[in-house]
Amino acid sequence: MANSVVVLTGAGISAESGIKTFRDHNGLWENYRIEDVASYDGFLRNPGLVQSFYNARRAQLKEASIQPNPAHHALAKFEQEWPGEFLLVTQNVDNLHERAGSRHLIHMHGELAKVRCQKSRRVFETFDPINPDTTCVCCSQTGQLRPHIVWFGEMPMEMEQIFAALERCDLFVAIGTSGQVYPAAGFVHHVRGDARKVEINAEASAVSLAFDELRRGPASREVPAFFDEILRLRKSQ
Ligand code: OAD
């Protein structure tokens, strides 16, 4: 019987909310070079370009049309009703999980709605655009604020807590992620051999073979159905 549950989400869970994925047709990485907008070297070379890339994505979160979809809501409901341990780990930098009501949540790749002072490492919540001339409120200097985003070559956040939860979970579910970016793509290998491993995705991922069960289809349909099933099973036991 599943007691401890870990869920990993990727860009696919937010696709039906109107936020572009990275690697699908017309995804973000078809229109931008990773080394330009998602690396520290890129930021040093052209901070204005990098800030404007994240400013646009941050601004999108405030558009009225961008709302959590039934998959985000299903995870928040599951967290509320599940009597066991639950951890939601997201690679997404949007805020749709928390807007749906998820609380026990780790943003392993950072958050669009936060910026960080490179001097003090203090993190600030903001929806305002940042540019190379923006003065930092803590060090009073310009050019010190950067997006609170994990770029390629940087260490994802809260890894110790994530690996500890993976090692003791009975059910691991990966949703809407292509399995191409590590360490998240390798989480399934950190789960105990006797734990149930389920992948919910529109298509096969690069790590589908490591899962016991594959559910193909849109997250807005498959996620509520799967988690209702888990809650029903638990109540019947
Ligand atoms: P990807 O764009 O690589 O993969 C999205 C996955 O979601 C694909 O496998 C799609 O088939 C699937 N998908 C698309 N629409 C879906 C839907 N409606 N329902 C279910 N599945 C759907 O995004 P991630 O795997 O999240 O990192 O990418 C991982 C990391 O790569 C990102 O966090 C980002 C990126 O570079 C950083 O920026 C550090």
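What does the charge count near Arg23 come to, summing +1 for each Lys or Arg and -1 for each Asp or Glu among other residues with Cβ under 12 Å from its Cβ?
Working: positive: Lys20; negative: Asp24, Glu30, Glu203.
Net of charged neighbours comes to -2.
I want to check the label-to-label distance for Glu203 and Leu233. Put each point 7 Å from Cα in the C-beta direction and report it in nm to one decimal.
Using points 7 Å along Cα→Cβ, the separation is 2.8 nm.
Which of rounded, prolate or oblate describes the stretch 114-237 when judged by the alpha-carbon gyration tensor and an a/c cut-off of 1.5?
On the way: a/c = 2.49, a/b = 2.32, b/c = 1.08.
Taking the square roots of the gyration eigenvalues as a ≥ b ≥ c, the stretch 114-237 is prolate.
Of the DSSP beta bridges with both residues in the chain, give the percent that are antiparallel, rounding to the nearest 5. Could you put the intermediate results ahead of the total?
Values: 8 of 32 bridges.
Beta bridges within the chain, antiparallel portion: roughly 25 percent.
Accessible area per residue, 1.4 Å probe, Å², for the stretch 106-237: what's the number?
Working: 6660 Å² over 132 residues.
It amounts to 50 Å² per residue over the stretch 106-237.
Under the classification rounded if a/c is under 1.5, otherwise prolate if a/b is larger than b/c and oblate if not, where does the stretch 66-156 fall, given a ≥ b ≥ c as square roots of the Cα gyration tensor eigenvalues? Kindly include the intermediate steps, with their values, before the conclusion.
Numbers: a/c = 2.80, a/b = 2.25, b/c = 1.24.
Note, shape of the stretch 66-156 comes out prolate.
What's the magnitude of the charge dipole for the chain around its Cα centre, counting Lys and Arg as +1 and Asp and Glu as -1 at the beta-carbon? Answer in Debye, nearest 20. Spell out each step's value before the answer.
On the way: 26 positive and 29 negative charges, 72 e Å.
Once rounded to the nearest 20, the dipole reads 340 debye.
What is the extension gain from Arg168 to Ala56, computed as 0.36 nm multiplied by their sequence separation minus the C-alpha to C-alpha distance, in nm to one decimal? Could the numbers behind the result be given before it?
Numbers: separation 112, 0.36 × 112 = 40.32 nm, distance 3.88 nm.
Here the answer is 36.4 nm.
What whole-number distance in Å separates the alpha-carbon centres of the stretch 13-38 and the stretch 40-102?
The two parts, judged by their Cα centres, are 14 Å apart.
Applying a 10 Å radius around every beta-carbon, put 213-222, 117-126, 18-27 in order of their mean neighbour count, most first. The partial results should precede the final answer.
Values: 213-222: 16.6, 117-126: 12.7, 18-27: 14.8.
Those peptides, ordered most packed to least, come out 213-222, 18-27, 117-126.
Using per-residue counts of other Cβ atoms within 10 Å, averaged over each peptide, order 173-181, 9-17, 190-198 from highest down. Could the numbers behind the result be given before it?
Working: 173-181: 22.8, 9-17: 24.3, 190-198: 15.4.
Ranked from most to least packed, the peptides come out as 9-17, 173-181, 190-198.
Determine Rg/Rh for the chain; Rg is computed over alpha-carbon atoms and Rh is the Kirkwood hydrodynamic estimate from the same atoms.
Reported Rg/Rh, Kirkwood definition of Rh: 0.98.
For the chain, return all DSSP H helices satisfying: extent of Cα atoms along own axis at least 15 Å; mean Kyte-Doolittle hydropathy at least -1.0.
Working: long enough: 47-60 (20 Å, -0.66); 70-81 (16 Å, -0.87); 219-235 (23 Å, -0.28).
Within the chain the helices that satisfy the rule are 47-60, 70-81, 219-235.
Compare the Cα positions of Tyr32, Thr9, Pro47 along the charge dipole of the stretch 1-109 (+1 at Cβ of Lys, Arg; -1 at Cβ of Asp, Glu; about the Cα centre) and return the one farthest towards the positive end.
It is Pro47.
Local charge sum around Leu214 (other residues, Cβ-Cβ under 12 Å, Lys/Arg +1, Asp/Glu -1)?
-2
Could you work out the helix-only [θ] at 222 nm for the chain, with each DSSP H run of four or more residues adding -39,500 (n - 2.57) and the total divided by the number of residues, to the nearest 500 deg cm²/dmol?
Numbers: 9 runs with 76 residues, N = 237.
Theoretical 222 nm ellipticity from helices: -9000 deg cm²/dmol.
At 0.36 nm per residue, minus the direct Cα-Cα distance, what do Glu85 and His25 gain on full extension? Give it in nm, one decimal, please. All intermediate terms of the calculation are to be shown ahead of the outcome.
Values: separation 60, 0.36 × 60 = 21.60 nm, distance 3.64 nm.
My answer for the length gained is 18.0 nm.
Please give the length that would be gained between Ala64 and Met159 if that part of the chain were fully extended, namely 0.36 nm times their separation in residues minus their C-alpha to C-alpha distance (nm, one decimal).
30.9 nm
Given a 1.4 Å probe and every protein chain left where it sits, what share in percent of the accessible area of the stretch 1-70 is carbon and sulfur? Don't skip to the answer; put the middle values down first.
On the way: 1780 of 3390 Å².
Reported share for carbon and sulfur atoms: 52 percent.
Given points 7 Å out from each Cα along the Cα-Cβ axis, report the Leu44 to Phe152 separation in nanometres with one decimal.
1.7 nm
Give the Rg (one decimal place) followed by the Dmax (whole number) of the stretch 1-74, computed from C-alpha coordinates and expressed in Å.
15.6, 52
The values are calculated or read from the model by the stated rules, or taken from the named source; none is laboratory data. Since this is a predicted model, take the numbers as computed values, not measurements. No Cβ is skipped: glycine too gets one built from the backbone with ideal geometry, and neighbour counts run over all protein chains shown. Accessible surface is based on the protein model in full, side chains and every heavy atom, while ligands, DNA and RNA are left aside. Shrake-Rupley method; radii C 1.70, N 1.55, O 1.52, S 1.80 Å.
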